[in-house]
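Have a look at the structure below before the remarks.
The values are calculated or read from the model by the stated rules, or taken from the named source; none is laboratory data. Quick caveat, the model's predicted, so the values are computed rather than measured. Because the Cβ atoms are built from the backbone with ideal geometry, glycine has one as well, and the counts that use them run over all protein chains shown. Heads up: the accessible areas ignore ligands, DNA and RNA and are worked out on the full protein's heavy atoms, side chains in. Shrake-Rupley method; radii C 1.70, N 1.55, O 1.52, S 1.80 Å.
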Amino acid sequence: MARDSETAVLEVENLSVELGIGGRWVRALNNVSLSIRAGEALGLVGESGSGKSLTALAVAGLLPDNARVVGGSIRLKGEAVLGRSEAELNRLRGRALAIIFQNPTTYLNPLLTVGAQIAEVFEVSPELLASEGGGRLGKRERRERGWRLVVEHLRLVHIADPERVARQYPFELSGGMQQRVIIAMALIRRPSLVIADEITTALDVTVQAQILSLLAELRASIGMTLLLITHDMGIVAQLADRVAVMYSGSVVEASDVASLFAEARHPYARALLEAVPKIDGNETLLRAIPGGIPAITNPPPGCRFHPRCPRAFGPCAHSVPAAVALGDRHTVACHLYRDGPA
Ligand SMILES: Nc1ncnc2c1ncn2[C@@H]1O[C@H](COP(=O)(O)OP(=O)(O)O)[C@@H](O)[C@H]1O
Ligand SMILES: [Mg+2]
């Protein structure tokens, strides 16, 4: 089998991040490891506050000002993300990564037509407008080619009448249409990795289903490699090949989706699968297990899940479980498995 380092688009290894909160450093991510190979979709799932967005921001080199990386590494297409200058990061992001967030309105400029703002990527990545043979085109040809690419990508995300929509302003579009525009804008750069962070959470259920089937189709048609962040196991089941379950800043179990759904090992992953998500949010995601995710400013010692865990025993209250390999690309961080597959 090929080693991940040869084939991975994204490799996060033992990433630990602290946040400055109330004058002290608080651990927000603890030894997070993830890998995504070309063409794969990895679902990163967990309750609100478990560290999913921070992980995505770290990958994109966009951590908030009060964050510091205290350990680990991140490689995008083999290139280190950590320790780079802002200019180098911009270059790496431009070539390798697109990140899409929950609320499309925030990321669209209300003063520019849809077509004009998609076309802004050509200023950052002028090579997208080069002729088929790679040569330089004249101004008019570049404008025409740019317009053609914009319309093509609006069509790719199933916007009907793309020529008309390209001339419209964001406020003229529904939330679902705006999210499609954002996806078109992300794809036009042909990123090696697309990070989608709760991108359907703000949409109503019908539109959510449409965007999810669009993502599934794009995975098949353009071979999109995806880090799909969600609190919804149903979305993971529908779209992802692999899944990493996060709890309070740690990946507690990672495996292929089929294995996790057939036989989750970590008690938290099991509970997530038994939970019935509420339509309007994720706060009571875990009906099976009462309580909530601990505040990162005051986490319990040992395994952060132990106060809620139905199977907690001796070591759980004082020792942090390390990830154990159970099989090919299947890991679990739980004392129940510290002697291997139980
Ligand atoms: N800039 C920040 N300052 C202080 N706390 C933060 C900051 N960003 C995130 N957090 C906290 O870090 C934890 C993880 O946040 P986040 O990654 O956004 O969770 P998720 O995306 O899984 O809901 C949460 O407790 C959140 O409140
Ligand atoms: Mg989030």
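Mind listing whichever residues of segment 293-306 are within 22 Å of VAL45 (Cβ to Cβ) and either basic (Lys, Arg) or surrounded by 14 or more Cβ atoms within 10 Å (Cβ to Cβ) (or both)? Lay out the reasoning, then the answer.
First, the residues of segment 293-306 that are within 22 Å of VAL45 (Cβ to Cβ): 293-296, 299-300, 303-306.
Of everything in segment 293-306, those that are within 22 Å of VAL45 (Cβ to Cβ) and either basic (Lys, Arg) or surrounded by 14 or more Cβ atoms within 10 Å (Cβ to Cβ) (or both) turn out to be ILE293, PRO294, ILE296, PRO299, PRO300, CYS303, ARG304, PHE305, HIS306.
For residues that are more than 16 Å from ligand 1 (Cβ to nearest atom) and assigned to a strand (DSSP E or B), scanning just segment 97-112, find the one that is surrounded by the fewest Cβ atoms within 10 Å (Cβ to Cβ). Can you show your working first?
Of the residues in segment 97-112, the ones more than 16 Å from ligand 1 (Cβ to nearest atom) are 97-98, 104-105, 107-112.
The next check asks that each one be assigned to a strand (DSSP E or B); those that pass are 97-98.
On the way: LEU97: 25, ALA98: 23.
Result: ALA98.
A quick yes/no check of all residues on (1) closer than 16 Å to LEU193 by Cβ; (2) of a type in the set (S, T, N, Q):
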| position | (1), (2) |
| --- | --- |
| LYS52 | yes, no |
| THR55 | yes, yes |
| VAL59 | yes, no |
| ASN66 | no, yes |
| VAL70 | no, no |
| SER85 | no, yes |
| GLU88 | no, no |
| ILE100 | yes, no |
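Is there a residue in segment 32-51 that is farther than 26 Å from ARG91 by Cβ, open to solvent by less than 60 Å² (accessible area, probe 1.4 Å) and among the hydrophobic types (A, V, I, L, M, F, W, C)?
Among the residues of segment 32-51, at least one is farther than 26 Å from ARG91 by Cβ, open to solvent by less than 60 Å² (accessible area, probe 1.4 Å) and among the hydrophobic types (A, V, I, L, M, F, W, C), which makes the answer yes.
Can you find a residue that is farther than 21 Å from SER53 by Cα, under 24 Å from the mean Cα position of the chain (by Cα) and of a type in the set (Ser, Thr, Tyr) anywhere in segment 164-178?
Looking through segment 164-178, at least one residue is farther than 21 Å from SER53 by Cα, under 24 Å from the mean Cα position of the chain (by Cα) and of a type in the set (Ser, Thr, Tyr).
Which residues, counting only those in segment 168-210, are charged (D, E, K, R), open to solvent by 20 Å² or more (accessible area, probe 1.4 Å) and in contact with a helix residue (DSSP H, G or I) (Cβ under 6 Å, 6 or more places away or on another chain)?
Result: ARG189, single match.
Among (1) surrounded by 15 or more Cβ atoms within 10 Å (Cβ to Cβ); (2) within 16 Å of ligand 1 (Cβ to nearest atom); (3) at pLDDT 95 or above, where does GLY61 come up short?
That leaves (3) as the condition not met.
Check HIS158 against each of (1) assigned to a helix (DSSP H, G or I); (2) more than 16 Å from ligand 1 (Cβ to nearest atom); (3) within 24 Å of the chain's Cα centre (by Cα) and name the one condition it does not meet.
Condition not satisfied by HIS158: (1).
Go through segment 72-96 and give me each residue that's surrounded by 14 or more Cβ atoms within 10 Å (Cβ to Cβ) and either touching a Gly at 6+ places or on another chain (Cβ under 8 Å) or over 25 Å from GLU123 (Cα atoms) (or both).
Selection gives GLY72, SER73, ILE74, ARG75, VAL81, LEU82, ARG84, LEU89, LEU92, ARG93.
Could you tell me whether any residue of segment 11-27 is more than 9 Å from ligand 1 (Cβ to nearest atom), under 23 Å from THR200 (Cα atoms), of a type in the set (D, E, K, R) and touching a Ser or Thr at 6+ places or on another chain (Cβ under 8 Å)?
no
Could you go through segment 229-244 and let me know if any residue there is away from ligand 2 (no atom under 16 Å from the Cβ), in contact (Cβ under 8 Å) with a residue 12 or more places away in the chain, open to solvent by 20 Å² or more (accessible area, probe 1.4 Å) and of a type in the set (D, E, K, R).
yes
Tell me, yes or no, whether segment 45-53 has at least one residue that is within 26 Å of ASP241 (Cβ to Cβ) and assigned to a strand (DSSP E or B).
Looking for residues that are within 26 Å of ASP241 (Cβ to Cβ) and assigned to a strand (DSSP E or B), one finds at least one in segment 45-53, hence yes.
Can you pull out the residues in segment 211-220 that are open to solvent by 10 Å² or more (accessible area, probe 1.4 Å) and either in contact with a Cys (Cβ under 6 Å, 6 or more places away or on another chain) or touching a residue at least 60 places away in the same chain (Cβ under 8 Å) (or both)?
Correct list: ARG219 only.
Is it true that some residue in segment 60-72 is among the basic types (Lys, Arg) and under 29 Å from GLN178 (Cβ atoms)?
Within segment 60-72, not a single residue is among the basic types (Lys, Arg) and under 29 Å from GLN178 (Cβ atoms).
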